[in-house]
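Asks: This is the structure I have questions about; it appears just below.
The values are calculated or read from the model by the stated rules, or taken from the named source; none is laboratory data. Just so it is clear, the structure is predicted and the values come from calculations on it, not from any experiment. In this analysis, Cβ positions are derived from the backbone assuming ideal geometry, glycine residues included, and neighbour counts consider all displayed protein chains. In case anyone asks, the SASA skips ligands and DNA or RNA and just uses the protein heavy atoms, side chains included. Shrake-Rupley method; radii C 1.70, N 1.55, O 1.52, S 1.80 Å.
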Amino acid sequence: MKMKCGRAGRRVLAGGWPLGSLLFATLVVLISCEGNVEPKPESTGLTKAEFLGRIMVQERYWRVEEITRQEEDQIATVNVRENSPMLNSYYLHDVIPFVALQFKRGTFGKGTVSEGRMSGAYGKVPFGTFQCVLMSLTIKNSGEWAWDEERKMLKFALPGSIRTIAGALSGSDWLPDTGYVAAEPAPLFRSVEEARRAASPERIKVLVEEHTEAGKVTYAFIMRAAWLTDVENRDAEHQYGVSLY
């Protein structure tokens, strides 16, 4: 940029603007622009409508992948495909491998929770396509779900399997009635096609809370999506197919 000296020895630009004035004007503009920058909104996750729309899908069942027990800042984890001192072999081999939960809309628009027995992949395994069998006659509604506006979570009546597993983890005669689906991780896909294209696991977290004299104990069931597809009904009791899990 070409500069020359004006009167009184001031340095000026070729266009006639004093250099000091130009610097001052530039500084004012920068300060003004900085003050007008819009703050970026924080991510709030899915809205209530989006969450409910994604969790109610006909072909998807939720299987147990992992369980944690938290008391204050102490967390213990159950890898459901391995032996654990927290659960006996009955729950590890005869209950957890067959858990299949589903959230649906029932009559008159009420939310319902159903539970059935399903064989196939569960626990921490690489994503893939697995042979499975859904035992149709075991499917039954365990109760209703509703949106808890205060906690911003889905609140639901626990099915028998989760109730008894939580009771066994407690080591007492406590049997919970209510569970919550945490806001995160949120359900991701709305169809088998979306899940197939993503080729990655999809999870939700079911929270069950026990209040004891010593404080609150939280059992977190990490539930992983099993998408049932290519179904073949060979008899009234079984649906043979494959699951994306």
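Asks: Kindly provide the GluC sites (Glu not before Pro) of the stretch 179-235 that DSSP labels as loop, not H, G, I, E or B, and whose Cβ sees at most 13 other Cβ atoms within 10 Å.
Replies: Loop-located and lightly packed - E213.
Asks: As an exercise, identify the chymotrypsin sites (Phe, Trp or Tyr not before Pro) in the stretch 112-155 lying in DSSP coil whose Cβ has no more than 15 other Cβ atoms within 10 Å.
Replies: F127
Asks: If Lys and Arg each add +1 and Asp and Glu each add -1, what is the summed charge of the other residues whose beta carbon sits under 15 Å from the beta carbon of H238?
Replies: Local charge sum for H238: -2.
Asks: Right, another one. Calculate what fraction, in whole %, of the accessible area of the stretch 48-244 sits on carbon and sulfur atoms when a 1.4 Å probe is rolled over the protein chains.
Replies: The C+S portion of the solvent-accessible surface of the stretch 48-244 is 48 percent.
Asks: Could you compute the net charge surrounding V80? Neighbours are other residues with a C-beta less than 15 Å from the C-beta of V80; K and R count +1, D and E count -1.
Replies: +3
Asks: In whole Å, what three semi-axes, largest first, describe the equivalent ellipsoid of the stretch 48-244 built from its Cα gyration tensor (square root of 5 times each eigenvalue)?
Replies: Working from the Cα gyration tensor, I get semi-axes of 26, 20, 16 Å.
Asks: Next question. Net charge near P97: determine it from the other residues with C-beta under 15 Å of the C-beta of P97, scoring Lys and Arg +1 and Asp and Glu -1.
Replies: 0
Asks: Within 10 Å of each candidate Cβ there may be at most 10 other Cβ atoms; applying that plus a DSSP loop requirement, which GluC sites (Glu not before Pro) in the stretch 137-169 survive?
Replies: In loop regions of the stretch 137-169 (DSSP not H, G, I, E or B), the sparsely surrounded GluC sites (Glu not before Pro) are E149, E150.
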